[in-house]
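One structure below.
The values are calculated or read from the model by the stated rules, or taken from the named source; none is laboratory data. This one's a predicted model, so the numbers in the text were calculated from it and none came from an experiment. In this analysis, Cβ positions are derived from the backbone assuming ideal geometry, glycine residues included, and neighbour counts consider all displayed protein chains. Accessible surface areas use protein heavy atoms only, side chains included; no ligands, DNA or RNA. Shrake-Rupley method; radii C 1.70, N 1.55, O 1.52, S 1.80 Å.
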Amino acid sequence: MRARRPRSVQAGLRGWGGVGTMAALCVLALAFVLLLPRTQPHSAPDKDPDKATAGSGGTARATQAKADDCKDDNAQDQSLAPSTAGGPTVSAIRSRGYLSVGVDQNSYNWGYRNPNNSSGELEGFDIDLAHRIAKDILGDADKVQFRAIPTNERIPAIRSGRVDMVVRTMTITCDRLKQVAFSAPYFLTGQQVLAPKTSAITGYDKTLAGKRVCSATGSTAYDHLSADKRDGTLPASTDITTTVPNQLDCLVRLQLGEVDAVVTDGALAASQAAQDPTVELKGGTFTKEYYGVAMKLGADDLVRQVNRTLENYRKDGAWKQSYDKWLSATLGDGSGSATPPAANYR
């Protein structure tokens, strides 16, 4: 079974066969990256990508100062306390009339186009959360504009003002907190190895020696691979040079035999294994990571509003309903990912 791609692409390829199809998809996917519903006009991006929300320069500097004090084990605890007080960022979104959200359209059960859904709407765990945020800010869950953002473009899309936020399996890290603001965590996961079932690879260990490993550019997976190869945790002969803009493209490379393994978030890897029965997770997770909603530095009112949404999302059972619908079948109810992570604020 091949990795799922947007429904419009799949329809055009019915009847094709062989692994050559997947190679074609790598090229064709680029042409469809902006084919998303609700294409209202976008706000003009800031001329200065580093410019904070109007009137909040001091706040942005203070936020970055906090990020400088961040440690790897508390990055998820650096967000602001919830509030619905509003402010310039939230007011601008309400005046515009819709929320602009960067998402994935190729991650099965997270943000993807279900070929069995005739509406063509994006679906998944991250998509549910984006709709909930839009409902709380604008009173209508459908007042959201989705933009497909590659893994390596998530931070630039926020800093340039192309989107109000990114809800796209984005891990909260100290380095990223110097560039964007994050909500409190909404999901717990960790890095894991995905490889063919027939492979002798057993996990993130010495069995990766001499193997070609794929990761997404700008991902925490690549950061770990690079650091671990430098310090000798990873075998020196492991080839980590294959990187791709979108994480799903690693699965395509694996299916084509161009790499031997993929390193990515365990939650994403589990969904990919569900798509393709010839691959499986190898070993357990070897990191502990938290997903957060990413926003622009200085947009404190929006961060507080999103954190209020997350508080309510956990309390009223909507988080669990979304998990049961999209992720329970692949991650189970007994894993650490099956309950929303606790929120601690600075």
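What the table below lists for this structure:
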quantity: Matching entry among Ala299, Ala267 (being within 20 Å of Thr173 (Cβ to Cβ), under 17 Å from the mean Cα position of the chain (by Cα) and touching a residue at least 12 places away in the same chain (Cβ under 8 Å)); calculated: Ala267
quantity: Residue within segment 224-236 that is surrounded by 22 or more Cβ atoms within 10 Å (Cβ to Cβ), on the phi < 0 side of the Ramachandran plot and hydroxyl-bearing (Ser, Thr, Tyr) present; calculated: no
quantity: Total residues in segment 65-86, condition at pLDDT 95 or above and at positive phi; calculated: 0
quantity: Scope segment 233-246; condition at pLDDT 95 or above and part of a loop (DSSP other than H, G, I, E, B); matching residues; calculated: Leu234, Pro235, Ala236, Ser237, Thr238
quantity: Hits in segment 316-338 - residues which are in contact (Cβ under 8 Å) with a residue 24 or more places away in the chain and hydroxyl-bearing (Ser, Thr, Tyr); calculated: Ser322, Tyr323, Thr330, Ser337
quantity: Residues being open to solvent by less than 40 Å² (accessible area, probe 1.4 Å), within 13 Å of Val101 (Cβ to Cβ), of a type outside the set (Val, Ile, Thr) and touching a residue at least 24 places away in the same chain (Cβ under 8 Å) - total across segment 122-160; calculated: 13
quantity: Helices (runs of 4 or more DSSP H) completely within segment 89-201 that count 3 or more residues being more than 21 Å from His224 (Cβ to Cβ) and at pLDDT 95 or above; calculated: 125-138, 154-159
quantity: All positions within segment 161-179 that are open to solvent by less than 40 Å² (accessible area, probe 1.4 Å) and either without any contact (Cβ under 8 Å) to a residue 24 or more places away in the chain or over 17 Å from the mean Cα position of the chain (by Cα) (or both); calculated: Gly161
quantity: Any chance Ala221 is within 20 Å of the chain's Cα centre (by Cα) and among the small types (Gly, Ala, Ser); calculated: yes
quantity: Any chance Leu208 is in contact with a helix residue (DSSP H, G or I) (Cβ under 7 Å, 6 or more places away or on another chain), farther than 25 Å from Asn74 by Cα, of a type in the set (A, V, I, L, M, F, W, C) and surrounded by 24 or more Cβ atoms within 10 Å (Cβ to Cβ); calculated: no
quantity: Residue check for Val303: touching a Leu at 6+ places or on another chain (Cβ under 9 Å) and of a type outside the set (S, T, N, Q); calculated: yes
